[in-house]
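Engineer: Right, I'll just put the structure down here and ask away after.
The values are calculated or read from the model by the stated rules, or taken from the named source; none is laboratory data. Quantities reported herein were computed from a predicted structural model and do not represent experimental measurements. Cβ sites come from the backbone with ideal geometry, for glycine too, and all protein chains shown count toward neighbours.
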C-alpha cells in the first residue's frame, strides 16, 4: 500500500480561498476539506439560498471524488457547518436529492461565521476509494 499523501484540486471544482488543496489521499483513504457552494464556472455562489449551495457542494464533491477513484457512495462521514440552523430542513432536502438513498455518517454543526461572504454552509468529508474491499 502506498502511504504517500497526495493532494489535489481537480479542474471544474471551486478554487480554494486559502493555501490548501481540496483533496488529500493516502492509499484508499480520502479527505476533502471545507467546500462552499461556489459554482466553479463563475467563481460565484451557486445561489443565495442553502438549497442551491448544498446542491453545488455535493456536485463538487462528486467531481472531486471521481478524480481520486471514488464516488458519493464511498463516503464514510460528512461534516456540515451551517450558518443558520433554520436552514436545516432545506439543506436536508438538497442533501437527499443528491445523495439518494445512501446515508453515510453525518454531523451538522452550527457556525457563527464562515469565511466567504454570502456562504450559508460548508462541508467536508472522509471517503474511501472504490477499489477498497474486505
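Engineer: Test of understanding: among 72, 83, 114, which residue is in contact with a helix residue (DSSP H, G or I) (Cβ under 7 Å, 6 or more places away or on another chain), on the phi < 0 side of the Ramachandran plot and touching a residue at least 24 places away in the same chain (Cβ under 8 Å)? Let's see the steps before the verdict.
Structural biologist: Numbers: 83 fails: in contact with a helix residue (DSSP H, G or I) (Cβ under 7 Å, 6 or more places away or on another chain); 114 fails: in contact with a helix residue (DSSP H, G or I) (Cβ under 7 Å, 6 or more places away or on another chain).
Checking each option against the conditions leaves just 72.
Engineer: Another question, then. For residue 96, indicate whether it is assigned to a strand (DSSP E or B) and modelled with pLDDT of 95 or more. Break it down into steps so the answer makes sense when it comes.
Structural biologist: Details: assigned to a strand (DSSP E or B): no; modelled with pLDDT of 95 or more: yes.
So residue 96 fails the test.
Engineer: Please indicate, with yes or no, whether at least one residue in region 56-66 is over 18 Å from residue 94 (Cβ atoms) and crowded, with 18+ Cβ neighbours inside 10 Å. I'd like the intermediate steps shown before the answer.
Structural biologist: Start the filter on region 56-66 by keeping residues that are over 18 Å from residue 94 (Cβ atoms), which leaves 66.
From what is left, the residues that are crowded, with 18+ Cβ neighbours inside 10 Å are none.
Taking every residue of region 56-66 in turn, none turns out to be over 18 Å from residue 94 (Cβ atoms) and crowded, with 18+ Cβ neighbours inside 10 Å.
Engineer: Of the residues in region 116-134, how many are assigned to a loop (DSSP other than H, G, I, E, B) and either surrounded by 11 or more Cβ atoms within 10 Å (Cβ to Cβ) or touching a strand residue (DSSP E or B) at 6+ places or on another chain (Cβ under 7 Å) (or both)? Working first, answer last.
Structural biologist: Residues of region 116-134 that are assigned to a loop (DSSP other than H, G, I, E, B), as a first pass: 116-120, 129-134.
Those still in the list that are either surrounded by 11 or more Cβ atoms within 10 Å (Cβ to Cβ) or touching a strand residue (DSSP E or B) at 6+ places or on another chain (Cβ under 7 Å) (or both) too: 116, 118-120, 129-130, 132.
Result for region 116-134: 7.
Engineer: Please go through region 117-134 and give me each residue that is closer than 17 Å to residue 37 by Cβ and touching a residue at least 40 places away in the same chain (Cβ under 8 Å), ordered by number. Working first, answer last.
Structural biologist: We begin by selecting, within region 117-134, every residue closer than 17 Å to residue 37 by Cβ; these are 117-125.
Once the filter is applied, which keeps residues that are closer than 17 Å to residue 37 by Cβ and touching a residue at least 40 places away in the same chain (Cβ under 8 Å), region 117-134 yields 118, 119, 120, 121, 122, 123, 124, 125.
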